[in-house]
Amino acid sequence: MKYVVMVVVLGVAGYFVWQQQQQIKAKATASATAKAVAAPLPIVVEPGPLVNAEGQARIIKSATDQNPEVRWQAIVLLDKMKVPQAYDVMFDRLQHDQDTDLRIKIIGLLSQRGATRTTLQPNPNDPLNPTTVTEAAPRDRREADITKNLVGMVRDFLPEIRIAALQSLDTLGDYAVAPSVMDALRDPDERVRLQALKTLNSLQEKRAAAIEAERKRQEELRRQAAAQKSQ
């Protein structure tokens with residue numbers, strides 16, 4: 001009888017020990033699962049290119065295809081993948097391509113990629129005329145090359161290209177191109193002269209708006225300084 005009781009007691013004790021071990025394992029599993037769920041996923045800031053260097057070389061070659069639409073799609077893809085040679089391909093096609101529509105598309109694309117950041121810095125010698133400072137946009141450092149190529153297109157032999165170039169310079173918003181736009185006022189084509197005036201008007205409006213914004217900013221700074229002094 002004693003042996004039976006001992007067996008029963010040992011069995012019950014073993015059951016409780018096993019149950020505690022199972023609870024400990026369950027808690028450990030739940031904790032690991034919670035940590036796995038709570039772990040932040042890596043953030044993909046920018047997608048990488050779909051193709052390797054060899055594939056990119058084939059796409060660059062497609063930019064000289066006989067079909068202008070193929071050339072355009074190749075240029076767009078190079079731009080989207082941010083291939084280092086993309087701008088050089090665009091500049092080459094802009095200068096030498098025989099398709100006018102393609103060249104106009106490239107001009108439009110470059111005007112979007114070459115946007116600069118123009119700011120006004122206070123001028124202690126003339127508070128009403130702050131100094132204009134043009135900085136390269138953070139996307140890349142090819143803005144000077146883009147502006148140079150677009151300014152060159154203002155002297156192209158086709159009026160359609162000259163008009164598109166003037167429009168793109170308006171989009172860039174760089175006041176430094178004003179002398180080149182002024183030269184277009186002597187263009188033999190009246191449409192080009194008209195677009196030159198539109199571009200100059202727009203650049204003047206943008207500069208006036210920037211000056212007004214800077215004036216308001218300085219007034220607000222002076223107001224805040226006066227309010228702090230009066231406290």
Task: Length-normalised contact order of segment 49-98 in % [C-alpha pairs under 8 Å, at least 6 apart] - done: 31
Task: Projected area averaged over orientations for segment 49-98, convex hull of C-alpha atoms, nm² - done: 3.1
Task: Backbone HN-Hα couplings from phi across segment 94-104 [Karplus 6.51/-1.76/1.60, Hz, Gly and Pro as x] - done: 4, 7, 10, 5, 8, 8, 5, 4, 5, 5, 5
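Find, among the trypsin sites (Lys or Arg not before Pro) in segment 134-231, those assigned to loop by DSSP (not H, G, I, E, B) with at most 15 other beta-carbon atoms within 10 angstrom.
Sites meeting the loop and neighbour criteria: Arg139, Arg141, Arg155.
We did not get these values from a lab; they are worked out from the coordinates using the rules stated. None of these values were measured; they are calculated from a predicted model. Cβ atoms come from the backbone with ideal geometry, glycine included; neighbour counts cover every protein chain shown.
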